[in-house]
Each structure stands twice: as C-alpha cells, then as structure tokens.
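This report refers to the structure that appears directly beneath it.
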Amino acid sequence: MRKLTVIGLNSGRAPFIYELMHLGVVEINSQEGIVSDEDWMPDIFRTSNSADVSRLEGDIIRVSTALEAIAKYDPAKKPLLITRKEMGREAFIAYMNKVRTDTERNMDKAIAAYKVINDGKAEINYLRSQIIGLQPWVKLDIPLEMNETEYVSVIHGVTGAKVQSGQLMTAVTERVPSAIVQEVGADKQQKYFSVILLKEEKDALYEALRPFGFSAISMADQKGTPTEAIHHYETRIEEIETSIVENEKVLAELSTARKDIEFLYDLLVTQRDRARIVGEMLSTDTVFYFDGWMPARAQAEVEELLQRYEFYYDIQVPDAEEEVPVLLHNSSVATPFEAVTNMYSLPSRKDIDPTTILAPFYFIFFGMMLSDAAYGIILSALCFFVLKKYKPEGTIYKMFKMFFYCGISTFIWGALFGGWFGDFFTVAGRTLFNKEITIDPLWFNPMENPMKLLIFSLILGAIHLFIGMGVQAYMYFRDGQAVDAICDIILWYVLLIGLVLFAVGGMAAPVLTTVGKVMSIVGAVGILLTGGRKKKGIVGKVTGGLGALYGITSYLSDILSYSRLLALGLATGVVAQVINTLGSLAGGGVLGAILLTVALVFGTIFNLAINALGAFVHSCRLQYVEFFGKFYTGGGREFRPFERKTKYVKIVKDQDK
C-alpha cells in the first residue's frame with residue numbers, strides 16, 4: 001500500500017474526480033484532522049457541497065420509492081440474485097442522456113401512482129374502522145350529526161355488557177321523566193344507548209346514569225343515520241378500490257421502464273458520491289488538497305492520471321508503525337477463500353495474509369467432512385450454474401466459487417471413501433433388482449475402518465498446526481526476533497516431533513525411539529529454561545517456564561479437535577444410509593421404486609444442506625481457533641477505494657468491452 005498526497009487546480013478538479021472514481025483504486029482520507037490543525041486554518045477552508053449532496057440524496061430517495069413501487073407490481077419473475085449489466089462508461093452516459101427525460105417522467109408517474117395506492121389503502125382502513133364503529137348503532141334512526149335542538153338534547157353512550165338495561169331505563173325515567181331511552185345495540189363488551197331529553201335535565205340524566213358506568217360519546221362528525229353513513233363509506237371504499245386497481249395496472253405497465261429507472265438510481269448515486277468527496281476535500285480559491293491510500297500495483301495508472309492533469313503529487317511508502325488499510329491480493333485459485341479470512345478479520349500491518357496457506361486445508365477439510373462423491377457433483381454443479389447464470393460479484397462470488405472448489409474436494413474424498421449417495425446403489429440393486437451392486441472405494445471405507453480415518457485426521461491436523469507455528473517463526477525472524485522464534489517455536493517442534501518419534505518411531509526403526517526420547521528431553525528442558533525469560537526474578541522465570549511447558553496440553557487438545565473430520569465424515573455417510581434404508585422398506589416393484597426415489601431426492605436435499613453447513617462451519621472453526629491461534633492477530637481495516645458503488649449497472653473501461 002502506498003500513501004498518496006495530491007494538490008491540484010480547482011479548474012481541473014471536477015473532471016479529475018470523475019476519472020479517479022472510474023479508476024476506483026484510491027481511498028481518500030477524511031480531512032477532519034487537518035481542518036482542526038491551527039497551522040492550516042488561516043489559509044485553508046473546507047469546501048461545502050452539503051446543498052448538492054442533500055439534493056441528490058432527495059432524488060435518490062424518490063428513485064428508490066419508484067423502484068419499490070414498480071417491484072411490488074412487476075409481473076416478471078424475481079431473479080435469485082441481482083445481476084449487474086455491463087456497460088462502457090461512454091455508452092452508459094450516452095444512454096442516460098437519451099432516456100433521462102422519459103425516465104424521470106416515468107419515475108414521477110410511478111411515485112404518484114404509489115402514493116394514490118398507499119393513501120387509498122390508509123383511507124380504506126380508516127373507513128372500515130368507522131363502519132365497525134357504526135355497526136352497533138344501525139337501529140338508530142336519528143341523524144348522527146343531530147345532537148341538540150333549541151329545547152332538546154340527544155345523548156349517545158355506552159355501558160358495560162353486564163348492565164341490566166331494564167334497571168338503567170327505570171333509573172333514568174325516575175329521575176328524568178321526560179327522557180326517552182332506547183337500547184340501540186349490544187355486543188360482548190358493551191351495550192349502546194341513545195337518550196332524548198330536555199336540555200335542562202342533562203345534569204339529572206348523568207346523575208342517574210353514573211351508577212351504571214355510562215360513558216357518553218359524540219358522533220357529530222358523521223352525516224345521516226348510521227345506515228346511511230355506512231352505505232356512504234362502503235360506496236367510497238368501492239371507489240378507492242377501483243382507483244387502487246387502476247394505479248396498480250399503471251405500476252405493472254411501468255415495469256418495462258424499470259431498467260432505466262435503476263440506471264438513473266446508479267447515476268445519481270455516483271453523482272452524490274462525487275459531490276460528497278469534493279465536499280470533504282480542502283481547498284482555497286484556486287487549489288484543492290487531499291491525501292489517501294492506493295495499492296502499490298495501481299501506482300502507474302494513478303500517476304498517469306495525475307500527470308495528465310498536471311497536478312502535484314507525492315507517493316510514499318508508509319512508516320512501519322503507521323496504520324494502513326488492507327487489500328488482499330491472492331491468486332485466482334486462492335481468492336475465493338478470502339471470504340473465510342474476511343469473516344474472521346483482515347490481517348493487521350504486522351500479520352501476513354493467511355488466505356493462500358489456509359485455502360488448501362479448507363479445501364481438504366470440507367471435502368473430508370462431506371465426503372460423498374454424488375453430493376460433491378451436485379454442490380459443484382449448483383455453484384457453477386449460479387456463477388454462470390447470475391454472475392455474482394464481491395463476497396457472494398467468492399463464496400460460490402469457494403463452494404464450487406469444495407464440491408470438487410467432496411467428490412474426490414467421496415470417491416476415495418466409496419460414498420455415492422451413501423450406499424444407494426447397493427440398496428437399490430438389492431431391493432429392486434435382487435443384485436449386489438457395489439462401488440468400491442478408491443482408498444478405504446471409513447464406516448468399516450474408522451480408526452484409519454481418525455489417525456489420518458490427527459496427522460493432517462498436526463501438519464496444519466505445524467505450518468501455523470512455522471508461519472509464526474517466519475514472522476519472528478522477519479521482525480528480527482530470532483530468540484523468540486527459537487525458544488517459542490523451534491523448541492516446541494523438537495519436543496512435539498520427539499514425542500511422536502518416541503511413541504511410534506519404533507515401528508519404522510528402533511533407533512527412532514531413542515532419537516525421539518532425546519529430542520523430547522531437549523525440547524522440554526529448553527522450554528522449561530526459556531519459557532519464563534521475559535519474567536522478572538527467579539521465581540517468575542521458574543513459574544513462567546513451568547507454565548510454558550504446561551502449554552503442551554493445549555497442543556494435544558488442538559490436535560484432538562481434528563477428530564471432527566472423522567465425526568462429520570461418518571455423519572454424512574450414516575444419515576445417507578439411514579435414508580436409503582427407509583426408502584427400501586416398501587421392497588421391490590413400482591411402489592418400492594417410487595418410495596426409494598422419493599427418499600433419495602428429499603433425503604439428499606436434507607443431508608446435503610445439513611452436512612454442507614456443518615462442513616462449512618467446522619472447517620472455519622479449524623482455521624479460526626486451531627490454525628489462526630498459532631500466529632494470526634487480525635484487526636486490519638478494509639481498503640475502501642473511491643469508486644462507483646453502483647447496484648444495477650457495472651461500468652467497465654471501454655477497452656474491456
């Protein structure tokens with residue numbers, strides 16, 4: 001990574017920023033620190049593009065609303081993944097200049113139709129709530145807006161459902177002889193009453209009704225009798241529903257303009273990002289300034305652009321302690337496995353990129369855990385289809401490409417272990433054709449010899465851990481810490497290899513047992529004497545050495561963790577065999593063939609989904625916990641270049657088209 005500083009004339013800033021965004025290889029730093037520096041403040045001020053950014057943000061929101069509206073009523077089938085259309089920069093600009101006016105008109109049309117639909121649905125909900133509220137009053141034949149005359153008042157109200165209507169009416173007529181009380185309706189919660197009385201007797205009425213929990217309500221905002229009001233609302237609902245249907249048709253018809261509106265969205269986003277970057281730069285009346293980062297491999301093209309605009313620039317290698325953004329760069333084969341590294345953490349400045357090292361192990365571990373050749377073919381075929389059909393990008397592309405490779409690994413290990421849909425062909429031959437059909441493993445069957453696979457898994461785990469330790473030793477030597485490399489890594493190599501030779505070396509040659517014994521003693525003594533070298537005092541050094549030597553238990557537990565390769569590999573085979581056994585319960589014949597086929601299809605989907613997920617998770621765990629634990633720190637910051645962050649169209653260099 002290289003540190004870039006640029007000073008240029010404001011007259012060339014706009015086209016330069018346009019070209020720089022197209023390159024997409026420079027990360028522009030925030031200038032907050034410089035703005036607050038008193039040495040800069042007298043002569044430098046910050047450009048403000050907040051008005052332009054706000055305007056573009058508003059336009060983007062409008063376009064998003066239009067796209068949301070059209071998407072809801074687009075009759076076309078929704079794609080599994082959004083595939084960006086590739087266009088040259090000049091072709092894209094020419095196309096948008098041609099269609100922009102019509103596109104904005106269609107966008108406004110979609111927004112207007114969507115507003116009518118949403119407002120209509122909200123009004124329908126309101127009207128239906130009004131109808132529900134009026135239903136208990138349908139027997140009332142008095143206009144709802146009539147609540148009093150010159151001498152008479154009309155009072156509507158409710159009581160609890162348990163109130164005795166007869167008692168209420170008696171209490172009212174005793175206190176207010178002129179009152180006419182009518183029970184209009186009732187439901188499970190309430191009873192509904194209407195009272196007509198002289199105005200001067202209202203206080204007496206409320207006194208009479210107080211023991212019954214009467215609550216007066218006003219419906220003066222309604223027009224006509226309840227029946228008339230309900231009919232009016234229902235008519236209005238029908239009108240709104242008709243309008244909604246018409247506007248839904250409008251949005252469905254606008255689906256043909258959806259692509260152009262999506263392109264307009266991307267155009268506005270790039271314009272907003274450029275305006276935002278300009279606003280974050282420092283400038284005077286004539287010049288502007290910014291600094292940032294770029295990959296070393298992009299230096300030539302960035303310099304060519306700067307020289308073309310005749311800007312001053314300075315490119316430096318960052319200081320050893322300076323925090324720099326991280327951009328992983330690996331071979332095409334290892335790049336998909338960057339998804340595994342990214343899920344954990346990007347490497348720090350002092351780390352090395354572990355992707356190339358972990359890639360072959362992840363490839364092997366995943367295949368061993370899934371270990372069915374047919375499942376591997378299915379997994380790779382599905383990933384290949386998605387990669388070719390939908391052309392995903394970024395992390396999604398890396399994940400599908402990684403699983404494509406893992407499918408190949410699964411096929412290889414499945415063929416080595418003899419797994420083809422478990423033992424499906426054997427069960428099918430025996431059940432349907434009364435014949436023994438077997439596909440022999442190219443190596444061995446783990447179901448018959450699990451110890452062999454366990455030993456192989458532990459050996460593979462030991463190699464994995466030793467490589468992780470070797471990476472740490474390399475980093476020690478690189479940083480001039482040779483003593484740490486010898487004491488903390490090489491002595492452990494001596495001890496662990498010695499223990500292995502002492503335990504099993506005699507099977508190859510008796511002398512290896514003696515060699516292993518000597519190596520174990522040398523390694524253990526060396527660790528004991530040097531493990532506490534950084535502690536103070538004799539006691540600290542002794543306890544530090546004992547603690548370091550006790551760390552051998554962690555190595556043993558780490559190696560045992562690789563037994564999950566056996567466990568998950570057997571799990572796939574066992575589940576497949578159980579599925580095949582269930583499918584064979586109907587015996588031969590047509591029914592048996594149908595049941596076996598159904599069990600194969602649904603069982604395969606279930607087994608592949610569950611165990612592929614398990615293989616993914618546990619392969620990651622072996623990298624993150626056991627492998628990374630030996631050398632990797634992480635915590636790096638992702639490199640975020642100033643580039644076109646388009647969603648629907650991929651702008652490519654014209655020469656790439």
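The values are calculated or read from the model by the stated rules, or taken from the named source; none is laboratory data. Predicted model only: the values in this text are computed from it and were never measured. Cβ placement follows ideal geometry from the backbone for every residue including glycine, while neighbour counts extend to all protein chains displayed. Areas reflect the complete protein model, heavy atoms only, side chains present, ligands, DNA and RNA absent. Shrake-Rupley method; radii C 1.70, N 1.55, O 1.52, S 1.80 Å.
Filtering the stretch 4-24 to residues that are in contact with a Lys or Arg (Cβ under 8 Å, 6 or more places away or on another chain), within 19 Å of E86 (Cα to Cα) and open to solvent by less than 50 Å² (accessible area, probe 1.4 Å) leaves M21, H22, G24.
Comparison of L268, L205, L197, L264 shows that the only residue that is in a helix (DSSP H, G or I), open to solvent by less than 10 Å² (accessible area, probe 1.4 Å), farther than 23 Å from I60 by Cβ and not polar (S, T, N, Q) is L205. Among the criteria (1) open to solvent by 30 Å² or more (accessible area, probe 1.4 Å); (2) within 31 Å of the chain's Cα centre (by Cα), the one L370 does not fulfil is (1).
Each row is one residue, and each column tells you yes or no for (1) modelled with pLDDT of 95 or more; (2) more than 20 Å from T633 (Cβ to Cβ).
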site: I467; (1), (2): yes, no
site: D488; (1), (2): no, no
site: V518; (1), (2): no, yes
site: I521; (1), (2): no, yes
site: G526; (1), (2): no, yes
site: G532; (1), (2): no, yes
site: L549; (1), (2): no, yes
site: S557; (1), (2): no, yes
site: L560; (1), (2): no, yes
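The residue list T438, T410 contains one member that is modelled with pLDDT of 95 or more, in contact with a helix residue (DSSP H, G or I) (Cβ under 6 Å, 6 or more places away or on another chain) and within 20 Å of V578 (Cβ to Cβ), which is T410.
The residues of the stretch 337-392 that are acidic (D, E) and either free of Cβ contacts under 8 Å to residues at least 12 places away in the same chain or outside any helix (DSSP H, G or I) (or both), listed by number, are D351, D353, D372. Taking the stated definitions as given, is D319 at pLDDT below 90 and not in a strand (DSSP E or B)? So D319 passes the test. Among residues of the stretch 316-334 that are farther than 30 Å from M399 by Cβ, those with a beta-carbon under 6 Å from a residue that is assigned to a loop (DSSP other than H, G, I, E, B) and at pLDDT 90 or above at least six positions away or on a different chain give the pairs P318/V324.
Quick check: anything in the stretch 273-283 surrounded by fewer than 20 Cβ atoms within 10 Å (Cβ to Cβ) and farther than 30 Å from P318 by Cβ? No, the stretch 273-283 contains no residue that is surrounded by fewer than 20 Cβ atoms within 10 Å (Cβ to Cβ) and farther than 30 Å from P318 by Cβ.
When we screen G429, G407 for residues that are over 30 Å from E86 (Cβ atoms) and open to solvent by less than 20 Å² (accessible area, probe 1.4 Å), the only hit is G429. Reported count of residues in the stretch 339-363, each being open to solvent by 10 Å² or more (accessible area, probe 1.4 Å) and more than 22 Å from F466 (Cβ to Cβ), is 6.
Elements of the type helices (runs of 4 or more DSSP H) sitting completely within the stretch 547-657 and holding at least 2 residues that are out of contact with any helix residue (DSSP H, G or I) (no Cβ under 9 Å at 6 or more places or on another chain) and among the β-branched types (V, I, T): these cover 589-621.
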